[in-house]
Amino acid sequence: MSLWPVVSVATLWLQLISSSIHLLGDCEYSGLFTCLSWVSFVLNIAGCVSVFVDEKERGADEGDFPAVFWLCIASSHMAFRSLLHLGIWHGIISSFWCLVPIGLILLCLLGVVGPSFVIREVSQMVSPQNLLTGWVPVFLLVSSFLTAAALVAWSLSKRGNHGAIQPFLGPPLTSHWSAPAVFSVGNAILEEADFRAVIFWALLKSEQLVSPLLTEAEGATVPGLSLQTYRVAALAIQALVFAAFHYQGGFPNGKMGVLMVFVWAVVLGLFVWTTGALVAPLLVHIV
């Protein structure tokens, strides 16, 4: 078993955990977190190159490369996000500028993997094929209703004072009758691309990299860790990061907001887990 894929998984987890601690803390160690995040990013790039070199005879569509590819994307995402904590970028839109390097890395890797690889991966991500399977439609409706009700209840409890996000969202959302709908769609697309399409997707893809270490594998080196446990942990960490980003300037925010967003992000992640795509959580998020 190659060392680099495991390093890629470990460094992304390190980025996610340190980011959550940093955002939920007093921001005293911004520089340390940023350095740690960029070191992790460099290690992930090295892992991506190493795996491709090892598997170039089989082609990039096989083996560990797809998983490491998404780990590299997620790691770059977290590295550029860390710049926000140093105050390099400001404003409501700047928090999503970290999606730009994802596009740049995709373009760079296109010369290595070819457009067919990226098209296949993205097509799988946006496929609606399992949207109407089993209880998914019912859970979609229930989740949408409960989400709207919870947000309205939180907003009413704040009596017009929604914290740091108020001056950014208040005037724009009241400037035109269509503004709330436009914001709802745009924000949902950006945040789902941000957290479920990048972070959680990479964690789910990384299962194949850590599977030799788990209890199901012969000669497992981590006997207490099963594939199911790893998936639950991935579900929890993506929810924690999402909630942490709402702590100071999200809607909802504060301690209650973090709890609400964490539970909601677990539900959104479960939709990705069960349907194998991002359509369901996107629909819930828009509503």
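The values are calculated or read from the model by the stated rules, or taken from the named source; none is laboratory data. Everything numeric in this text was worked out from a predicted model, so none of it was measured. Neighbour counts run over all protein chains shown; Cβ positions are idealised from the backbone, glycine included. All accessible areas refer to the heavy atoms of the entire protein, side chains included, with ligands and DNA or RNA removed. Shrake-Rupley method; radii C 1.70, N 1.55, O 1.52, S 1.80 Å.
Check the range 118-139 and report whether any residue there is modelled with pLDDT of 65 or more, surrounded by 11 or more Cβ atoms within 10 Å (Cβ to Cβ), touching a helix residue (DSSP H, G or I) at 6+ places or on another chain (Cβ under 7 Å) and among the aromatic types (Phe, Trp, Tyr).
The answer is no, given that none of the residues of the range 118-139 is modelled with pLDDT of 65 or more, surrounded by 11 or more Cβ atoms within 10 Å (Cβ to Cβ), touching a helix residue (DSSP H, G or I) at 6+ places or on another chain (Cβ under 7 Å) and among the aromatic types (Phe, Trp, Tyr).
For the range 152-185, how many residues are open to solvent by less than 80 Å² (accessible area, probe 1.4 Å) and modelled with pLDDT of 80 or more?
3
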